[in-house]
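The block underneath contains the structure these notes are about, expressed in C-alpha cells.
The values are calculated or read from the model by the stated rules, or taken from the named source; none is laboratory data. Keep in mind the model is a prediction, meaning the values are calculated, not measured. We place every Cβ from the backbone using ideal geometry, glycine too, and count neighbours over all the protein chains shown.
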Amino acid sequence: MELWQQMLRQSIDSADDLVKRFNFDKETAERLNSLFHIRINPYYLSLIREPGDPIWLQCMPDATELADDGLPEDPLNEDGDSPVPSITHRYPDRVLFLVTSQCSMYCRFCTRKRKVSDSSKISMKYIQDGLDYIKAHPEVRDVIVSGGDPLMLTDVMLEKVLKGLREIPHVEIIRVHTKMPAVLPQRITPQLVEMMKKYQPIYVNVHFNHPWECTTEAKQACDLLADAGFPLGNQMVLMKGVNDDADVVKDLNRKLLMMRVRPYYIYQADMVKSTNHFRTPIRVGLEIMDKLRGHTSGLAVPYFVIDAPGGGGKIPILPQYILYHDDEKIVIRNYKYEVFEYAEVNDDTKPVPVDNDARFLRRSPVVIRERKRRISKRKATSTVKVKNEKPAEG
Ligand code: SF4
C-alpha cells in the first residue's frame, strides 16, 4: 500500500471520531455525517492551527449545515445536462466526466455533495458508458476528468480512463481536476506522473483556497506535476471566514505562482444546500479583484466568475472600469482610480458590438422587468417633483 493510501486509512471518517476527538454531540455528529460524509485525512488535519480557522472551516462539519437554508442540491443543474450518469454535457465542445465519488477530504462547501462520497451515484461501472458517449460525439474535443477526485483512483484505474480517452481521435485536451496537491500532496508520486505523461496534453487544475495550504509538501507535489509538463491552474472558491480578504487572496496567488500554478478562477460560492454560511456578498469578490488588478502581477489575477444557477455556465464579473463609452471615445479608470480617455475608431463597415449587446439586452426578460421597474419608479418621482414645482410655476 502506498503512503497516501495508508494516510487515508487514518482519516477521521465517522460520527464517532467527531465525538471522541472533537467533543461533538453524538446526535449532531450523526446527522452531519448522514447529511454529507465526513473525511479529514491526517495531512489536512495537521494544517489546522486552531478551531474555526480557515482550514478547520473547510473540512470540519458545522451544525449550521443542518438548518434549512432553502438552497437546492443541484444548483447548476448538472443532472439536467447529463445524458449518462458519468457525463455532464453542457458546452458545445467539452464534457465533464465523473470517474469516482471518492475524495481524500470531503469539503463541507462541495457543490457536488449530492453525489460525492456516494458510490451508487458516481461509480466505476459508469466509466465505460462515459467513454462510449464521448466516442459517439465527435464534437467533444475537451474532457474534464473529475468526480469526486479522479486521483483517488489507483494508477492502474486512472490509466484505463486516460488511455480510453486518448484512443478517441477527436479528444484533443484532457483536464484532470484534483484537490490532491492541496489536501493530500503525498498522492502525487513519480510513478503517477510518469504514467500520466504518456497521455499528454493533460492540463491539471488544482484547488487551493488558502495560503496555509501552500506547504513544502504541496510545493513538491506541484513541482512533480510541473516538471512533467502539465500546465497547472488553480480554482479557488470564495468563502466567508476562509479567503474573503484581498490580502489573503493576494498571498495565496503569489504562493501559487511560486509553485508554478497559475490562478485561473475565483468562484463565487454556488448556492448549494447546507452551504449558505460560506456565501459572501458579491461585492466582496469585486473588491478583491479591484485590489488585485494593477496591485500585483497580472499572472496573479484570475477570473472572478459566477457559475450561473440553472446551468447558465461561468460568467465573468469585473469591477467597473468603463465609465463612459460612445461612438467617439471610451472613458476608463485604472487601478489607482485615475481617469483616461481613449478615442474610438470610426469603422462604418462593421456593426459596433455594443449595439449587439444592446439588442440582446432589450430582449432579455430580466432587463425588461428591471427597465419597467425603473420607469415606474421614475414616474412616481416625477409626479412628486411636479407637485413640488407647482407653486413656483404659479
Ligand atoms: S475534493 Fe472536490 S469533489 Fe471532493 S469534496 Fe472537495 S470540492 Fe467536493
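Odds and ends about this structure:
- The set of residues from segment 1-34 being within 23 Å of Ala67 (Cβ to Cβ) and loosely packed, with under 15 Cβ neighbours inside 10 Å comprises Phe22, Asn23, Asp25, Lys26, Glu27, Ser34.
- Pairing residues of segment 107-126 that are closer than 13 Å to Ser86 by Cβ with residues that are more than 10 Å from the ligand (Cβ to nearest atom), at Cβ distances under 6 Å and at least 6 apart in sequence or on separate chains, gives Lys115/Lys121; Tyr126/Pro85; Tyr126/Ser86.
- Summed over segment 115-158, the residues that are in contact with a Lys or Arg (Cβ under 8 Å, 6 or more places away or on another chain) and either over 19 Å from Asp13 (Cβ atoms) or away from the ligand (no atom under 16 Å from the Cβ) (or both) give a count of 7.
- Within segment 243-282, if we keep just the residues that are aliphatic (A, V, I, L, M) and under 24 Å from Lys115 (Cα atoms), the residue that is surrounded by the fewest Cβ atoms within 10 Å (Cβ to Cβ) turns out to be Met271.
- The residue that is nearest to the ligand (Cβ to nearest atom), counting only those in segment 89-100 that are at pLDDT 95 or above and under 18 Å from the mean Cα position of the chain (by Cα), is Leu98.
- Residue match in segment 70-88 (condition: free of Cβ contacts under 8 Å to residues at least 60 places away in the same chain, part of a helix (DSSP H, G or I), closer than 30 Å to Gly164 by Cα and away from the ligand (no atom under 11 Å from the Cβ)): yes
- The listed residue being in contact with a helix residue (DSSP H, G or I) (Cβ under 6 Å, 6 or more places away or on another chain) and over 26 Å from Arg175 (Cα atoms), out of Pro263, Pro319, Pro281: Pro319
For every residue, the table says whether it meets (1) touching a His at 6+ places or on another chain (Cβ under 8 Å); (2) at pLDDT 95 or above; (3) not polar (S, T, N, Q).
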| residue | (1), (2), (3) |
| --- | --- |
| Val161 | no, yes, yes |
| Thr189 | no, yes, no |
| Asn209 | no, yes, no |
| Asp227 | no, yes, yes |
| Gln235 | yes, yes, no |
